[in-house]
Structure formats: structure tokens, C-alpha cells
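Take a look at the structure set out below.
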Amino acid sequence: MRLPIGKLSTATGVHIETIRYYERITLMPPPFRGEGGHRIYDEKHIERLNFIRRCRDLGFPLEDIRSLLGMADGGEHCTSMRPTAFSHLDLVRAKIQALHEMENALTTILEDCKDCNTPSCSIENALFGCAARSCPCAGTCDVTPQPTV
């Protein structure tokens, strides 16, 4: 199978510019060149690009992908890949925890101000520095509302 870059892009769901970028940073091997210098890709390119895309879908940084590809290229057993994957899983879990904290903070801000119609009680005040559960309509706030211009 011989594919031009556009068909490789369609087959893998990776944009053409991204494919070229992966080539420049040597995650992808150089393609064959057809008449006129056009890039021509084969099944190995498709497999490798799908591997890279799946890693990116899972949030792996490029250097981890480079490392995983090196292990795969070297025929290493999956046990050598596990530390990289576990390390990334720890990062994903930390991000999930941070997202839960953000969700809780936003929920608190919105619930504290849901029934307040005073000009000094707003989400803006909370974002400028009101502490959680210290909405002006509750009587306390750690910032003075700034007049809008």
C-alpha cells in the first residue's frame, strides 16, 4: 500500500501539518519520495502514526512517546513500558484531582451567589478574590468590589 500524505491523514485522523511536524522531530521515519518529491507512506507509517496518535489521545508528552517508540522499536517487552505508563497515570490522576477541586470551587461560588441580587455580590467578586463561602451577601468578603467603568 502506498499513500500520499492526504490519504495517510484521512486514514489515521492526524492532520497533514502534524504528520510533517512528527517527521521534523523524528517521531516518524522519513517517507519514501515519489516522482516530483511527493511523500509516499506505507503500512509501517500508518502503524507508527496510529501509535503516536493513540499516545497523544491518552495525553502522553512527546518525549514519553519517543521513549515508548524506542522501546517498541527495540522489541522490548511491555514490562519496560510500564514505568512510563504508570508515571503518566499518576499525572492523569493528579490532573483529575485538580479538576475536581476546580469543580468544587466553582460550584461553591455559584451556590453562594445564586439568590443574591445585590450589586456587591457577584461571580466577579469571587473571581477577584472572595474566599469560598464569603460572598458579600453572607456578610463577609476579603476584597472590596471594584467599580465597573
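Side notes on the structure shown:
- Filter result for ILE25 (farther than 30 Å from ALA126 by Cα, touching a residue at least 12 places away in the same chain (Cβ under 8 Å), in contact with a helix residue (DSSP H, G or I) (Cβ under 9 Å, 6 or more places away or on another chain) and surrounded by 16 or more Cβ atoms within 10 Å (Cβ to Cβ)): no
- Residues of segment 57-111 that turn out to be touching a helix residue (DSSP H, G or I) at 6+ places or on another chain (Cβ under 7 Å) and of a type in the set (S, T, N, Q), as a count: 3
- Single residue of GLY36, GLY70 found to be surrounded by fewer than 11 Cβ atoms within 10 Å (Cβ to Cβ), out of contact with any Leu (no Cβ under 7 Å at 6 or more places or on another chain) and either of a type in the set (Phe, Trp, Tyr) or in a helix (DSSP H, G or I) (or both): GLY36
- Scanning segment 33-47 for residues that are touching a Pro at 6+ places or on another chain (Cβ under 7 Å) and under 16 Å from THR10 (Cα atoms) yields ARG39, ILE40, TYR41, HIS45.
- Within segment 2-20, residues that are more than 10 Å from PRO31 (Cβ to Cβ) and free of Cβ contacts under 8 Å to residues at least 24 places away in the same chain sit with their Cβ atoms under 7 Å from residues that are part of a helix (DSSP H, G or I) and of a type in the set (S, T, N, Q), at 6+ positions apart or across chains, in these pairs: HIS15/SER9; ILE16/SER9.
- Residue check, GLY59 surrounded by fewer than 13 Cβ atoms within 10 Å (Cβ to Cβ) and either at pLDDT below 95 or farther than 30 Å from ILE96 by Cα (or both): no
- Residue count for segment 73-88, restricted to those that are surrounded by 12 or more Cβ atoms within 10 Å (Cβ to Cβ), part of a helix (DSSP H, G or I) and not small (Gly, Ala, Ser): 2
- Hey, MET28 in a loop (DSSP other than H, G, I, E, B) and closer than 28 Å to LYS95 by Cβ or not: yes
The values are calculated or read from the model by the stated rules, or taken from the named source; none is laboratory data. All figures in this text were calculated on a predicted structure; none of them were measured in a lab. Cβ atoms come from the backbone with ideal geometry, glycine included; neighbour counts cover every protein chain shown.
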